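Everything below concerns the one structure shown next.
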Amino acid sequence: MTSDSEISVQLVRNATVLATVDDTTFLVDPLFTPQGEMPTVTDSPGVPEFLTTANQKRNPLVSLPDVDFDYDAVIVTHRHPDHWDEAAREKLDADVPLFCQPEEADAFSDEGFSDVRPVEDKTSFDGVTIHRTPGQHGHGELAEGMAPVSGFVFEGEKTLYIAGDTIWYDPVEATLDRFEPDMVVLNGGAAQFDQGEPITMGVKDITAVRETTDATVAVVHMEAINHCLLSREELRTETEGVLVPEDGDQISL
C-alpha cells in the first residue's frame, strides 16, 4: 500500500488500526466481529470469574465502519478477544506475515497461520524496524493476571509508537524518551471492572503522555467495548492537544 505521508493511522474500531509507515501498512489488533455478537467482557475467555462490570452490554458496541482493508502485515499486541477474535482468525489469510509476542506465537501457529514472527526485542519488515515495548495492563494482581501485553514502535523515515493496552508507568515514559516518536497511539477508554483500578489509559495517564512528548498523540480503544467507561466527549473536554478520532477517521503526518 502506498501513502502520501510518512505516517498515517486510520482507526477502524476499538484498538484496530491501519498503521502506515513509509509505504508499508500494518493491520493492528484486528477485531472483526459484527456488532453485538460477542459476550460482555466478563463472560469472555480468560477473564477471572470474580470480575464484574458496570453494564452487561454485548460486544462490540458498534459496527465496523466502511474501511478499505489494504495491508501488508498484521500486528497483534496481545490475544485478548477485543484485540484478536474468531472473525479475524477466519478472515485473515493463513500466510499473512503476523507479528506478535513470543509467548503467544505457538497459539497463532496452532490456529493455522504459517508466517508467525514473534518479536523478542526488534525485527524488520519491508524497510521498517519494529521494536516490541513493555506494557502494564492495569495495577497490582489484576495487571499480573492480564499479562502479557506489549506495545510496538515502528521506525521508518518517522517513528510511530502504538502503546497497546497499558497504563502510564515508568517503562512507557522510558519508551517515549528512548524513541522520541513523531506519533503516539494510546489505548484509552479507562477500561475498568467493578473491582480494581482502570486497566487502560484514562485522562491522567493520557495527560502524562501529552506532557512528556512533543509527538502527535491520538487516543483509540473507546466506545466499542462494554467496560470502556471514558467517552470521547469526556476525553476531549478534559485534555488539550490530544486527537480523539471517530471510527473510520485517519490521522496523517
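Annotations
- Anchor LYS122: lysines whose Cα lies under 29 Å away (excluding residues fewer than 8 positions away in-chain): LYS91, LYS158
- For the chain, share of DSSP beta bridges that run antiparallel, in % to the nearest 5: 65
- Inter-site label distance for ASP249 and PHE69 at 7 Å from Cα along Cβ, in nm: 2.3
- Take the Cβ atoms of LYS158 and PHE50, set R0 to 25 Å, and the FRET efficiency comes out at 0.05.
- Rg and Dmax of the stretch 7-243, based on Cα coordinates, read 16.5, 47 Å.
- Neighbour count of at most 16 Cβ within 10 Å plus DSSP loop: longest chymotrypsin sites (Phe, Trp or Tyr not before Pro)-free window in the chain: 70-168
- Prolate/oblate/rounded label for the stretch 94-204 (Cα gyration tensor, a/c 1.5): oblate
- Label-reachable residues, the stretch 54-72, where backbone N falls under 13 Å from a point 7 Å from VAL96's Cα toward its Cβ: 68-72
- Ordered by solvent-accessible area of protein heavy atoms (1.4 Å probe), largest first, the residues ILE251, ILE7 come out as ILE251, ILE7.
- GluC sites (Glu not before Pro) within the stretch 1-109: DSSP coil, no more than 14 neighbouring Cβ in 10 Å: GLU37, GLU49
- Solvent-accessible area per residue for the chain (1.4 angstrom probe, square angstrom): 43
- Rel. contact order, % - alpha carbon contacts under 8 angstrom, at least six apart, the stretch 7-243: 18
The values are calculated or read from the model by the stated rules, or taken from the named source; none is laboratory data. Quick caveat, the model's predicted, so the values are computed rather than measured. In this analysis, Cβ positions are derived from the backbone assuming ideal geometry, glycine residues included, and neighbour counts consider all displayed protein chains. SASA here: full protein model, heavy atoms, side chains in, ligands and nucleic acids out. Shrake-Rupley method; radii C 1.70, N 1.55, O 1.52, S 1.80 Å.
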